[in-house]
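K.L.:
My structure is below; once you've seen it, I'll send some questions.
The values are calculated or read from the model by the stated rules, or taken from the named source; none is laboratory data. All values reported here derive from a predicted model rather than from experimental measurement. Cβ atoms come from the backbone with ideal geometry, glycine included; neighbour counts cover every protein chain shown. With ligands, DNA and RNA removed, areas are computed over all heavy atoms of the protein, side chains included. Shrake-Rupley method; radii C 1.70, N 1.55, O 1.52, S 1.80 Å.
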Amino acid sequence: MCGIAGIFGLEALDDARATVARMTDAIAHRGPDASGIHLAGNCILGHRRLSIIDLSHGPDQPFRSADGRHAIVFNGEIYNYRALRERLGALGHTFRTASDTEVLLAAYREWGPVCLNELEGMFAFAITDEVTQDLFLARDRMGIKPLYLYHDDRHLLFASEVRALLASGLVPRRIDTDAFVDHLRYQTVHAPDTIVRGVKMLEAGHAMLVSDQEVRSWRWYDPVAASYRSAGAMARTEVLREVRDRLSTAVEKRLVADVPFGAFLSGGIDSSAVVGLMAQASTAPVQTFSVVFDEAEYSEERYARIVADRFRTEHTPIRLSPADMLRMLPEALADMDHPSADGANTWVVSKVTREAGIKMALSGLGGDEVFAGYPVFTRTLELWRRRWVTQFPSTLRRWGGAMARAARPSITSSKMAEMLRLDAFTVDETYPVARRTFSDQDLVALLARDTLPRDSVRRIMKGIIREDRAYELPMLSQVSLGELATYLQNVLLRDTDQMSMAHALEVRVPFLDHHLVEFVLGVEDVHKYPHTPKALLTDALGDLLPREVTHRPKMGFTLPWETWMRVELRGMCEQRLARLANSPLFRPGSVDALWQRFLRRDPRVNWSRLWSLVVLADWMERQGMEE
């Protein structure tokens, strides 16, 4: 796990080496173990290394092939590198190190871009070719590891973080106003866009070839096409066995490391499943870490302790008070590469885990998205069962929604009123509404603009459901694809990467093993939700987990922001919101009016709406962004 950076197109640069050095210095936290820069024709590569496999300096990057033709910078892990090494060895390749980096480069030299189909893991990498003078970039199937790009008429820059691009001095610090609206709608900006004008992301499962003649990108992985359709014809016992085997294998693959490792343990089903399977596969006690609170309604301490005792882990609870959070919050916000309302959660647990000497941790991230654990899954099914409602005239449906919202004002009733305005209750129509933080009506009242850009999640969902033909899959799988492409990639995975790597901690996510995901996408809804959420997962695990965990009420891993924002964090919130209140992007008085409604406990204004604005204001000020 590392940080990468580079520039293609050096003719107009006075000192390319100094420019890339600024970029890698900006992401030094990602790789404290080694650094390097390599000039390759019209391209320069930079790297910061976090040593996880082969701790010697042999695999330091940029890593060059023995003949000097190719060089690579690589962020991530290739879990099947040992098997690939054997195959490549049989084809005549020799190896100087025990690293997955060298195997990855050899795979590219042997098979070219189609080597991506052979890789199992999480990755973002760049490879230069001294002969063709090309640059090849690629990103993993699920979008676990990020890769940001900036392209003008002279240069193409790439890096693991936005801050590295900004540190180059070649990227203007300007807000993308359309992406700004996307951030308000969904508390994030969806790939390929970012909140910085001109900065893009290489999308998950995409690759890019850069030469003096062209910049060409393509999708090399399509989860809909890769889904295991024959799973739909399997008996339930076969499905459960397959899920258990694939998840167990995914966990075992991710235990390969030459450094101390552990796991995040919330006490929920997903993290508990990972810990249980780790304990079965490991000869030593698993080290586990969890965040606990004095506020009982937020704390999962009891459940985490039950799981830790069950699997005899070396458990470290991290007790967090408002005073602790207030003390750590400025540092957490400063470490934020791209603004996120959820990022501080991961920052805290990553900090303590790394301070315990752990360099790699497994997480239960992705379990809810793959196994239908969120309310959006069941609500989507309920809406589809009631699709007869859309046969009523639209005026009648709008009137009914307005009456429901007036009778019981809340975010839920407001979203239901939006749903009733839809022409169809298909997933591509209902999912964007379900995931919005601010409705378009809210945004028109809040922002100093009369027209809004196209809804990014709606665009993404239309592409998945209609163009990729996901409508052929079970409905819960359609929702999973939406979760994987939007909320998971652009919120949870981005947060996990930026906040764990802020502490030089690698996080691995076995629930996003593509063999597991592809199989579960093909499983019929009746297996996923026969009686309770995530029944497919819990039934597949059998008696692995304690009953107290599998039958407990669901609690999201969140900090008690609503309580803190009204008391301990109130001053900080009001200071940041004052910055936005004076911004030309907002209507005069609109931000303060929203804050006052929150303080009055208006049920239509929850804490996440305001906190997303607080974080956004803080990030803009720290980065010196112009509007």
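K.L.:
Based on this model, can you work out whether I4 counts as within 23 Å of L202 (Cβ to Cβ), in a strand (DSSP E or B), without any contact (Cβ under 8 Å) to a residue 60 or more places away in the chain and not polar (S, T, N, Q)? Walk me through it before giving the result.
P.N.:
On the way: within 23 Å of L202 (Cβ to Cβ): yes; in a strand (DSSP E or B): yes; without any contact (Cβ under 8 Å) to a residue 60 or more places away in the chain: no; not polar (S, T, N, Q): yes.
Spelling it out, it is not the case that I4 is within 23 Å of L202 (Cβ to Cβ), in a strand (DSSP E or B), without any contact (Cβ under 8 Å) to a residue 60 or more places away in the chain and not polar (S, T, N, Q).
K.L.:
Continuing with this model, one more query. Test each condition in (1) part of a helix (DSSP H, G or I); (2) at pLDDT 80 or above for M419 and report the one that comes out false.
P.N.:
(2)
K.L.:
Name the residues in region 357-412 that are open to solvent by 80 Å² or more (accessible area, probe 1.4 Å) and touching a Phe, Trp or Tyr at 6+ places or on another chain (Cβ under 8 Å), would you?
P.N.:
Let us first name the residues in region 357-412 that are open to solvent by 80 Å² or more (accessible area, probe 1.4 Å), namely 379, 384-388, 391-392, 395-396, 398-399, 403, 407-408, 412.
The answer is W384, R386, R387.
K.L.:
Find all pairs meeting these conditions: Cβ atoms under 6 angstrom apart; at least six residues apart or on different chains; first residue within region 308-332 and modelled with pLDDT under 90; second residue assigned to a helix (DSSP H, G or I) and open to solvent by 30 Å² or more (accessible area, probe 1.4 Å).
P.N.:
Taking only residues 6 or more apart or on different chains, the pairs are I318/V352.
K.L.:
May I ask you to list the residues in region 209-262 that are of a type in the set (G, A, S), in contact with a Leu (Cβ under 7 Å, 6 or more places away or on another chain) and either at positive phi or touching a residue at least 60 places away in the same chain (Cβ under 8 Å) (or both)?
P.N.:
S227, A250 - these are the residues of region 209-262 that are of a type in the set (G, A, S), in contact with a Leu (Cβ under 7 Å, 6 or more places away or on another chain) and either at positive phi or touching a residue at least 60 places away in the same chain (Cβ under 8 Å) (or both).
K.L.:
OK, next. Since E203 meets every condition but one in (1) within 30 Å of R449 (Cα to Cα); (2) assigned to a strand (DSSP E or B); (3) not aromatic (F, W, Y), which condition does it not meet?
P.N.:
The single condition E203 does not satisfy is (2).
K.L.:
So, R109, is that one closer than 17 Å to F158 by Cα and in contact with a strand residue (DSSP E or B) (Cβ under 7 Å, 6 or more places away or on another chain) or not?
P.N.:
no
K.L.:
Pairs needed: first member in region 87-105, part of a loop (DSSP other than H, G, I, E, B); second member anywhere, modelled with pLDDT under 95 and crowded, with 17+ Cβ neighbours inside 10 Å; C-beta distance under 7 Å; at least 6 residues apart or different chains.
P.N.:
Note: pairs meeting the criteria are T97/P59; S99/I53; S99/P59.
K.L.:
Suppose we filter I144, I127 for residues that are among the β-branched types (V, I, T), closer than 16 Å to P62 by Cα and touching a helix residue (DSSP H, G or I) at 6+ places or on another chain (Cβ under 7 Å); which single one remains?
P.N.:
Just one listed residue meets the conditions, I127.
K.L.:
I'd like to check something: does region 447-468 contain any residue that is basic (K, R) and open to solvent by less than 30 Å² (accessible area, probe 1.4 Å)?
P.N.:
no
K.L.:
While we're here: Hey, among L476, L481, L443, L422, which residue is open to solvent by 10 Å² or more (accessible area, probe 1.4 Å) and hydrophobic (A, V, I, L, M, F, W, C)?
P.N.:
After applying the criteria, what remains is L422.
K.L.:
Identify all residues within region 501-546 that are open to solvent by 10 Å² or more (accessible area, probe 1.4 Å) and of a type in the set (D, E); write none if there are none.
P.N.:
E518, E524, D525, D539, D543
K.L.:
Okay, moving on. With a cut-off of at least 2 residues that are free of Cβ contacts under 8 Å to residues at least 40 places away in the same chain, surrounded by fewer than 24 Cβ atoms within 10 Å (Cβ to Cβ) and not hydroxyl-bearing (S, T, Y), name the strands (runs of 3 or more DSSP E) lying wholly within region 23-84.
P.N.:
Hits in region 23-84: 34-40.
K.L.:
Hey, another quick one. Of everything in region 145-170, what is surrounded by fewer than 23 Cβ atoms within 10 Å (Cβ to Cβ) and under 15 Å from S217 (Cβ atoms)? Give them in sequence order.
P.N.:
The answer is L149, H151, L156.
K.L.:
How about region 496-542: which of its residues are among the hydroxyl-bearing types (S, T, Y) and without any contact (Cβ under 8 Å) to a residue 24 or more places away in the chain?
P.N.:
Correct list: T532 only.
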